[in-house]
Amino acid sequence: MPTFRGILLTKTDEVFSASVNALDHASLPVEGDVEVAIEYSTINYKDALALTNTAPVVRRWPMVPGIDGAGTVVLSSHPAWKTGDRFILNGFGVGETHWGCLAETAKLKGDWLVPLPAGLTAKQSMAIGTAGYTAMLCLMALEKHGVSPASGEILVTGASGGVGSIAISLLSSLGFNVVASTGKLSEASYLKALGANDVIDRATLGAPGKPLQKERWAGVVDSVGSFTLANACAQTRYGGVVAACGLAQGMDFPASVAPFILRGITLAGVDSVMATLALRETAWRRLATEIDGAKLQAISREISLDQTFAAAAEIMAGTLRGRVVVKL
Ligand code: NDP
């Protein structure tokens, strides 16, 4: 029976285990009309939660984790995909309810795949991953609500993380004036090299604050939530826009309506998991042309399947900088 290497997460009688295994080809999910060879995957915050069993990300056991993958179609009965096509997969419950991409082989639905855009390698697409594609969705949300480089300063929270690092790089390449909020002030030179004009201590945003504060931000990309998001809203200038995509500090939102009803600010929610194919294709096409290849290389490092567990632990400890790419 042919096998392939992959990570398998199991839970039996509440006992969790995670290991690299030789997986049986016949055990691939029956749902799925495209079989693919995964060349690169990555570890996002959600993958770290799954790999460390920290939150109930996995809804079916056993599970192959990995919400992102890029590679080549091997077999297809989907009309849009044929053998040899290059693809990117992000989300859609893959790695949560459907076997994912931290494995050499996966069986996916053709409706979930996006063509790998010209100008981007499979490895680069995974250096970007869901984190970077979400950063692009946040940028598109700011633009949709009228924020431009001329509008003023853009705050990026969780700056040294995956979403934050790529948001800084993208925004600065487009000429925005970016202020990075981080808990790692020792990374200030890294954040400035990505394009941040200024770096602030996240402690200034992370505690309870007044409902309305001094107006500073024309736009915000927030991957942190909780008090940080509340304070970011309270500091957003009249008519400004806050794109909220994450919960690294917490899922709560201890805010008041004051910035909405007195300053007319907009809170734009950003979801990458179930985003439409049209939105995904636009985001990935833009990423292919707007990401700075040298900065992407500085943000990311390559690891093996066996090193994913240590990287997941670093994400959970909040010590991992930028992005990791997993070579299959
Ligand atoms: P990372 O772990 O790479 O980055 C998160 C960053 O948040 C850290 O590097 C750290 O940055 C900061 N941080 C960590 N803990 C805290 C804390 N307690 N208080 C304040 N800041 C903290 O994760 P990602 O960038 O991949 O994801 C960020 C968030 O976005 C996650 O919550 C994730 O679930 C969410 N997300 C949502 C998506 C969606 O579809 N809506 C898609 C992708 C991600 P620093 O040290 O610089 O402050």
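The values are calculated or read from the model by the stated rules, or taken from the named source; none is laboratory data. None of the values given here were measured: they were computed from a predicted structure. Positions of Cβ are generated from backbone atoms using ideal geometry, with glycine treated the same way; all protein chains shown enter the neighbour counts. Note: areas computed on protein heavy atoms with side chains; ligands, DNA, RNA excluded. Shrake-Rupley method; radii C 1.70, N 1.55, O 1.52, S 1.80 Å.
For the chain, the mean residue ellipticity at 222 nm estimated from helices alone is -8500 deg cm²/dmol, where every DSSP H run of n ≥ 4 contributes -39500 (n - 2.57) and the total is divided by all residues, rounded to the nearest 500. Over all other residues within a Cβ to Cβ distance under 9 Å of TYR238, the charged ones net out to +1, with Lys and Arg as +1 and Asp and Glu as -1. Can you give the longest run of the chain that contains no GluC sites (Glu not before Pro) sitting in a DSSP loop with at most 11 other Cβ atoms inside 10 Å? With a cap of 11 other Cβ atoms within 10 Å, the longest stretch comes to 32-328. Determine which aspartates and glutamates satisfy two conditions relative to LYS107: a Cα distance under 12 Å, and not lying fewer than 8 residues away in the same chain. By straight Cα distance, LYS107 reaches GLU31, ASP33, GLU35.
Counting only alpha carbon atoms, the long axis of helix 162-173 and the longest principal axis of the chain meet at about 60°. A simple spin-label model places the labels of MET274 and ARG216 3.6 nm from each other, with each point 7 Å out along Cα-to-Cβ. Say the cut-off is 19 Å between C-alpha atoms; which of LYS123/LYS144; LYS82/LYS109; LYS144/LYS210; LYS123/LYS327; LYS123/LYS295 go over it? Pairs exceeding the cut-off: LYS123/LYS144; LYS144/LYS210.
Each Lys or Arg adds one and each Asp or Glu takes one away; over the other residues whose Cβ falls under 12 Å from the Cβ of GLY164, this sums to +2. Within 10 Å, at most 14 other Cβ atoms, and a DSSP state outside H, G, I, E, B define an exposed site. Report the longest part of the chain free of exposed trypsin sites (Lys or Arg not before Pro). The reported range is 83-213.
For the chain, the per residue solvent-accessible surface stands at 40 Å², with DNA, RNA and ligands left out and a 1.4 Å probe. With all protein chains in place and a 1.4 Å probe, the accessible surface of the chain carries 55 percent carbon and sulfur. Between THR204 and ALA150, residue separation times 0.36 nm minus the direct Cα-Cα distance comes to 16.9 nm. About its Cα centre, the stretch 75-169 has a charge dipole of approximately 240 debye under the convention of +1 per Lys or Arg Cβ and -1 per Asp or Glu Cβ, with nothing else charged.
Over the stretch 285-328, Cα pairs under 8 Å with separation of 6+ residues give a relative contact order of 48 percent. Among beta bridges identified by DSSP and lying wholly in the chain, the antiparallel ones come to about 55 percent. Placing ASP47, ASP13, ASP33 in order of accessible area, with the largest value first and a 1.4 Å probe, yields ASP13, ASP33, ASP47.
Within the listed set LEU23, LEU108, LEU142, the Gaussian network model of the chain (springs between alpha-carbon atoms below 10 Å) gives the highest mean-square fluctuation for LEU23.
Using every pair of distinct Cα positions in the stretch 257-328, the Kirkwood expression returns a hydrodynamic radius of 15.8 angstrom.
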